[in-house]
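Please treat every number below as a calculation from the coordinates, not as lab data. Since the model is a prediction, treat every value here as computed from it, not as a measurement. Note that each Cβ is placed from the backbone with ideal geometry, even for glycine, and that neighbours are counted across all protein chains shown.
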2 protein chains.
Amino acid sequence: MFSKRCEYGLRALTVIGEAGKEDRKVGIKEICNLAKTPESFTAKILQDLVRRNIIDSLKGPNGGFYFSKNLDDISIYDVVLAIDGEEIFTKCGLGLSECNAKKPCPFHNQFETVRSELFKVCSNNSLNELLEGFYKQVYNR
Amino acid sequence: MFSKRCEYGLRALTVIGEAGKEDRKVGIKEICNLAKTPESFTAKILQDLVRRNIIDSLKGPNGGFYFSKNLDDISIYDVVLAIDGEEIFTKCGLGLSECNAKKPCPFHNQFETVRSELFKVCSNNSLNELLEGFYKQVYNR
DNA sequence: CAAATATAGGACTAAAAAGTCTTTTATGCA
DNA sequence: TGCATAAAAGACTTTTTAGTCCTATATTTG
């Protein structure tokens with residue numbers, strides 16, 4: 001459904017978000033240890049999220065990744081959009097380039113329910129909601 | 001959402017299905033011309049679908065691909081399962097290996113609605129239903 | 001049986017996604 | 001100012017997915 005980049009990115013963000021609650025920046029090593037994601041690869045993804053203004057970062061001692069925005073204001077949709085783009089929320093289920101909302105393929109409207117359900121789940125959940133419970137269940141904290 | 005293999009496969013099957021209504025087998029060239037899929041690649045996919053008993057084939061003059069089953073008895077789900085496997089219908093939205101129905105991540109149940117909607121659309125639609133209208137709209141027939 | 005036709009199979013190449021490694025740049029602190 | 005630390009950047013490698021091409025095999029028909 002989502003790319004690895006996107007999965008890793010979301011998981012990394014939960015770690016950054018949790019640390020943010022203690023007003024703490026997190027380094028890439030700590031992030032990847034907890035989120036169980038490959039380090040160099042995750043670093044690339046986070047670099048990207050910095051460029052796209054989802055998170056911020058600071059170099060040097062006591063540096064690391066952190067949120068300057070409120071976690072309630074960032075939805076999972078925002079993150080997926082930033083990493084994977086909009087395709088998953090809009091593309092024809094059968095991959096027909098001829099198919100769109102104006103000239104739908106016979107399957108289009110049925111798939112619309114899947115797409116809109118996906119959009120609903122992603123846009124109704126903020127990163128804050130994602131990391132609640134996530135920490136307990138996945139990282140056992 | 002689905003792989004190219006899967007998209008091409010489904011499109012090819014609509015051509016085979018339509019020809020079947022005139023009791024006609026179709027060769028790979030005709031299939032790919034109509035379905036607008038790459039020929040050699042599509043041939044591989046169809047070979048696979050023959051092995052998996054979705055379609056049948058016959059070599060030699062007047063040979064080609066055809067259905068021996070009733071198109072009403074083959075769902076889109078069957079085809080997706082044969083080509084892409086079950087992952088898309090079962091896998092955790094966030095790609096967590098620790099997450100499953102018994103020990104769900106906080107997101108699992110919300111994603112469940114997406115997965116089950118996808119399953120519903122795929123299993124409630126037979127290939128027969130897929131190619132109805134498909135032909136008119138996509139192939140202008 | 002020979003020739004023509006069409007799928008099957010196997011060995012490729014190409015492109016995209018995933019992942020690594022090394023060097024550079026920015027920051028804090030002694 | 002200089003050293004340690006941590007992210008940024010860039011050039012890689014690896015793996016997976018997509019796609020091609022050539023040869024073998026099966027089938028029909030003259």
Exercise. So how strong a dipole does the protein assembly as shown carry about its Cα centre when Lys and Arg Cβ are +1 and Asp and Glu Cβ are -1, to the nearest 20 debye?
Worked result: 640 debye
Exercise. Within 10 Å of each Cβ of A:109-122, how many other protein chain Cβ atoms are there on average?
Worked result: 5
Exercise. Any idea what the dipole of segment A:4-139 comes to, in debye rounded to 20, about its Cα centre with Lys/Arg Cβ at +1 and Asp/Glu Cβ at -1?
Worked result: 340 debye
Seminar exercise, completed: When chain A is treated as a Gaussian network with springs between alpha carbons less than 10 Å apart, the largest mean-square fluctuation among A:Val15, A:Val114, A:Val50 is found at A:Val114
Seminar exercise, completed: Taking the convex hull of the alpha-carbon atoms of segment A:37-126 and averaging its shadow over every direction gives an area in square nanometres of 7.8 nm²
For this session: Between copies, how far apart are the B:Phe41 label points? List them in nm, one decimal, shortest first, with each point 7 Å from Cα toward Cβ, please?
Result: 2.3
Exercise. What residue among B:Ser123, B:Ser40, B:Ser75 shows peak mean-square fluctuation when chain B is described by a Gaussian network model with Cα springs under 10 Å?
Worked result: B:Ser40
Problem set entry | Taking N as its residue count, the alpha carbon Rg of the protein assembly as shown over 2.2 N^0.38 Å | 1.20
Exercise. Unpartnered cysteines of chain A (Cβ-Cβ under 4.7 Å counts as a partner)?
Worked result: A:Cys6, A:Cys32, A:Cys122
Exercise. At A:Arg52, with labels set 7 Å past Cα in the Cβ direction, how many nm apart are the copies from this one, shortest first?
Worked result: 3.1
